[in-house]
Amino acid sequence: MSSKKEEFISEAEEILNNAQEYLLNLQDNLEDPLPDDINALFRCFHTLKGISGLFGYESLQKLSHTLENLLDDIRLGKHPVNEPTISFLFKNIDIIRNMISNPEEYNDISTLLSEIEEFRKSPPVDVSDESAIATISEEILKVLSEYEEHRLKENIKKGKSIYSIKTTYPLTDFDNELRTLTERIKTMGELISTLPTSEDIPEGHIGFSLLLATTKSEEEIKKELGLPTTVIYAKKKEIPHREPAALKDTPGTGTEKSLKSVTTTVRVDIEKIDNILSSIGELALIKGAISRIENELIDYFGHSSLIFDVHRINQTLSRRIVELQSLVLEIRMVPIGQIFARLGQIVRRYSRETNKQVQLHIYGEETEIDKFIAEEVIDPLMHIVRNSIDHGIEDREERLSKGKPEIASITLKAYQKGNHVVIDVTDDGRGIDTEKIRQKAIEKGLIKPEEQLTQSELIDLIFQPGFSTKDSVSEISGRGVGMDVVRNKISSVGGFVEIKTEPQKFTSFSLTLPITLAIIKALIIEVGKYTMALPMTSISETILVDKEAIQSIEGNPVYNLRGEPLPLIYLNEYFEASSDAEKSQYIVVAGVGSKKVGLVIDDILRSEDIVIKSLGEYLKEIKGFAGAAEIGKHDVVLVVDVESIIEETIRKQGKLTYSNV
Amino acid sequence: MIKRNIKVLVVEDSLSTRSMIRSIIEDMGEEYNVFEAQNGFEALKILPTENFKLIVTDINMPDINGLELINFLRTTPRYKNTPVIIVSTEKTEKDIQRGLALGAEAYITKPFKPEELQNTINRVLNR
């Protein structure tokens, strides 16, 4: 993909995410929609149209143009903001998303366009009369945009008074002062326009006239702001005081408008960061070479101050490399809150579609995770959340009859645990019905009727391909992916999923993910005649054992680990490599919980930081490897994919746990 | 050495439109020196720091809009004669009319071809 195209896609996605957020705000305040939200939404489509034109996406340009027209009608009060309008816009945002990823499907969009035009013409709203602003002087009107003029009319129609507030600031730092004032004014009513002026202003200063629509009196404004205020339009009769719209609880809008966020961040393709990382990896190799030369010099010439200098400098180099590595890794990290915000949208939207009231609780949104992993897990998380709303959470009547709170809750929680980040998604719904799963599994031939499975083994069945307990595929969670896809996706980034559930109480999906994929600590191991790397993130301990200590249950090898049977996988058998270990071997304990296994290997050489490189398209099909890495003196080794080996063994053996030792 | 003495200020809140306008103007020759402002606030901050030969502005921007900026330019002696080109959409015809009434020299509607903007700039600067 060309970088121009990527730039376009990432900007377009950002715009669409914002648009969705504003749309949800509007949906939450249908009785009194915030003009700021409508305007922001208009601007989203406006900008989208602009950039799609610039990048040559003609269909998208036309579509966003037509939608912009609709939004323009809405913001100018010519089209109502109601539930049908909101759904219509949601629908079109989905279409645009699809259009960005599959532009070839949208060569003919005439139907889509005429649909929007049709919708625009639907119920017309009576256009406000001009008489209200007849009293406003042309001096003020001439600098208002059509939209601002509309807002002025709307406010007058609602019985608000209009004031002009004047202020002067030094040119050097007017922006901060003006911004502070603007925020204060916005708590009193609607700020319609900000007019800069230099007339009658001392040298080196700049003046502003701010147009405010409010229910407050002239005295109140003057008292609160202490600034010269002129009445532009006075309300005719006293109307009951109500909270100004701008005071409504819209967390985050303040910071979103901050200029700072725009000017201090840069958007960088993650590939560029990876390139830096691999350069650092090469630096580390050079450092290793210098150490080697240093030792050889000592062997030849004995210790000398010159060699000590080399040693000292190499030490400094080594520290700098580590520092550089962690700095670059930090760039890749993003707060998980970014993902949670997107999930929040899904929750709000689907709870509406299913008519289930759901309250979202978020904890640990500041927890940081690698950007790449974050992007990989968003789809699985979305699927889990949809599943919770669709299958887990009961409808209102059912909840009330069970004595549960009417409003269901979904909790998203993230926290760091060692080298991992854990994301828990918990709902307070009906839990997972293991008996239902059992029957379904028998029906599908996944298990035999007489088979006795533990609760957790039954729950684990939902990760089997093609497994779904709802007879009719629902509109929400039945969108093509099953839980097997969720698990595969998570394990592809080296993570795993666990489920906890209690009937009628809760279901909790716990995703354990590595913090980063870029540079990882690995054990360099020997399996038969091969050297391989084993990521430390998957390992909990290593044990040196005598061959005799390995027992066998039902024909499968196990090791008695502190009284618990640990199923073993011989890596040399798995990779079909002959082993020459005679008496003792190493067991590397990997995985967690019910999926803990011991990998039997011949030797552990050392631990090393590695950068995993993909095997490329050609070798993609090879099972059991996560990639390759360069170690030591320009040697390339394969990196063992522990998660996929465990999964594959489970599939082959049916299960991994043994109830009796 | 060519002096980059034709300083142009581009006021536009969309990053991609802004950089697109920048490269269109920079293509006109090395004597063009483009400065960017992403909104009216930034424009007001940058204005006193350079002697701009031309200002290219959008109209629909949050807080301080293009019309308010044009009004400011026309009523401030220092910028009174600095030509302004409005870059806006054909949708906002009323806004464009107001902009011209306030004293903008020309307008161009999005989407536009590079030559359209370049021709307009040449026309405005050469008279």
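Limited to the stretch A:241-291, what total is found for residues that are more than 22 Å from the chain's Cα centre (by Cα) and modelled with pLDDT of 50 or more?
So the count comes out to 17.
I'd like the full set of residues that are surrounded by fewer than 16 Cβ atoms within 10 Å (Cβ to Cβ) and touching a Lys or Arg at 6+ places or on another chain (Cβ under 8 Å), limited to the stretch A:319-337.
Listed by number, the list is empty, since nothing qualifies.
Cβ-Cβ distance below 7 Å, separation of 6 or more or different chains: which pairs start in the stretch A:9-20 with a residue that is within 13 Å of another protein chain (Cβ to nearest Cβ) and end on one that is of a type in the set (Ser, Thr, Tyr) and in a helix (DSSP H, G or I)?
A:GLU11/B:SER16; A:ILE15/A:THR47
Could you give every pair whose Cβ atoms fall below 6 Å, whose first residue belongs to the stretch A:632-653 and is closer than 14 Å to A:TYR574 by Cα and at pLDDT 80 or above, and whose second residue is in a helix (DSSP H, G or I) and of a type outside the set (Ser, Thr, Tyr), counting only separations of at least 6 or pairs across chains?
A:ILE646/A:LYS595
Return the only residue of A:GLU526, A:GLU541 being closer than 27 Å to A:ALA626 by Cβ, under 35 Å from the mean Cα position of the chain (by Cα) and acidic (Asp, Glu). Don't jump to the end; show me each part of the working.
On the way: A:GLU526 fails: under 35 Å from the mean Cα position of the chain (by Cα).
The unique qualifying residue is A:GLU541.
Right, A:PHE340: buried (at least 16 other Cβ atoms within 10 Å of the Cβ) and at pLDDT 80 or above or not?
Working: buried (at least 16 other Cβ atoms within 10 Å of the Cβ): yes; at pLDDT 80 or above: yes.
Considered against the rule, which asks whether it is buried (at least 16 other Cβ atoms within 10 Å of the Cβ) and at pLDDT 80 or above, A:PHE340 comes out as yes.
The values are calculated or read from the model by the stated rules, or taken from the named source; none is laboratory data. No experiment lies behind these values; they were computed from the predicted model shown. Cβ sites come from the backbone with ideal geometry, for glycine too, and all protein chains shown count toward neighbours.
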